[in-house]
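Structure first, then comments.
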């Protein structure tokens, strides 16, 4: 009897949260058929991205800023 109650409870939760489950699925799908006008080279991080660092600091991403500051770039590898 307890197993039946648990099944009913689980089913009720699934039905109640169907919208959230569908949204989660939609957000988790990686779209590969997009046309982007951007090149991989444009996304490369360099120490010259001072604006990015300022923006990340303004959002409170201290750990990420520290990682970026200590990330080797082509400039300091050569």
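Before moving on, here are some points about what is shown:
- Looking only at the range 22-45, and only at residues there that are at pLDDT below 90 and surrounded by 10 or more Cβ atoms within 10 Å (Cβ to Cβ), the one that is farthest from residue 67 (Cα to Cα): 44
- Selection status of residue 58, out of contact with any strand residue (DSSP E or B) (no Cβ under 8 Å at 6 or more places or on another chain), at pLDDT below 90 and at negative phi: no
- Hey, residue 8 outside any helix (DSSP H, G or I) and at pLDDT 80 or above or not: no
- Residue 76, sole failed condition from (1) modelled with pLDDT under 85; (2) surrounded by 10 or more Cβ atoms within 10 Å (Cβ to Cβ); (3) part of a helix (DSSP H, G or I): (2)
- Residues of the range 16-56 classified as outside any helix (DSSP H, G or I) and in contact with a helix residue (DSSP H, G or I) (Cβ under 9 Å, 6 or more places away or on another chain), total: 6
The values are calculated or read from the model by the stated rules, or taken from the named source; none is laboratory data. Here the structure is a predicted model, which means the values were calculated and not measured. Note that we place each Cβ from the backbone using ideal geometry, even for glycine, and neighbour counts take in every protein chain shown.
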